[in-house]
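One structure below.
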Amino acid sequence: MNAYAAMKQYQTVNVHAQVSEAAPHRLIQMLLEGGLQRIAQAKGAMQFGNIALKGELIGKSMGIVCGLRDALDLEKGGEVAANLDSLYAYILQRLSMANLKNDPAILDEVAALLRDVKEGWDGIAQH
């Protein structure tokens, strides 16, 4: 096993351990962090002309946003959950457009929106 493969295996085991031990609040934080990482990686792939990797990373970002959206409890969450649902739907549309148009500015827009959500979510943990 080469060093890269060993590192990837360690990262996978580390993430699985964190997920199995994480509280629900922390899981949402991890999803938001993962979405932001994939968007940044997709932007890099886009800038280097690696279209296949860009598409794969945007697809993973979309999967994460779908996971966040699916985690919403629209009955108990009231207006906040409804607003997040609309925001996540918008983010999914923008990610599709970024992929279609190969536009890094759209990825910046989406990352800023997710950072705002993450900051709010992180603030909840402090209370």
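Throughout, read-outs are computed from the coordinates displayed, never taken from laboratory work. The structure presented is a predicted model; accordingly, all values stated were derived computationally and were not measured. Ideal geometry is used to build each Cβ from the backbone, glycine not excepted, and the neighbour counts take in all protein chains shown.
Within the straight-line cut-off of under 20 Å between alpha carbons, the aspartates and glutamates reachable from residue 54 are 33, 103, 108, 109, sequence neighbours fewer than 8 places apart in one chain being disregarded. Pairs over the 27 Å Cα-Cα cut-off, from the set 43/76; 76/101; 60/118: 43/76; 76/101. Couplings for segment 92-107, taken from phi via the Karplus curve 6.51 cos²θ - 1.76 cosθ + 1.60 with θ = phi - 60°, read 4, 4, 5, 5, 4, 5, 4, 5, 5, 8, 6, 10, x, 5, 5, 5 Hz in order; Gly and Pro are left as x.
Comparing segment 24-125 with the 2.2 N^0.38 Å rule of thumb, its C-alpha radius of gyration ratio is 1.06 (two decimals).
Taken about its Cα centre, segment 24-125 carries a charge dipole of about 380 debye when Lys and Arg each add +1 at the Cβ and Asp and Glu each add -1 at the Cβ. Across segment 39-53, coupling constants 3J(HN,Hα) worked out from phi with the 6.51/-1.76/1.60 Karplus curve, θ = phi - 60°, read 5, 5, 5, 5, 4, x, 4, 4, 5, 8, x, 8, 5, 5, 5 Hz, and Gly and Pro carry x. Taking each residue as 0.36 nm, the span from residue 100 to residue 47 lengthens on full extension beyond its C-alpha to C-alpha distance by 17.6 nm.
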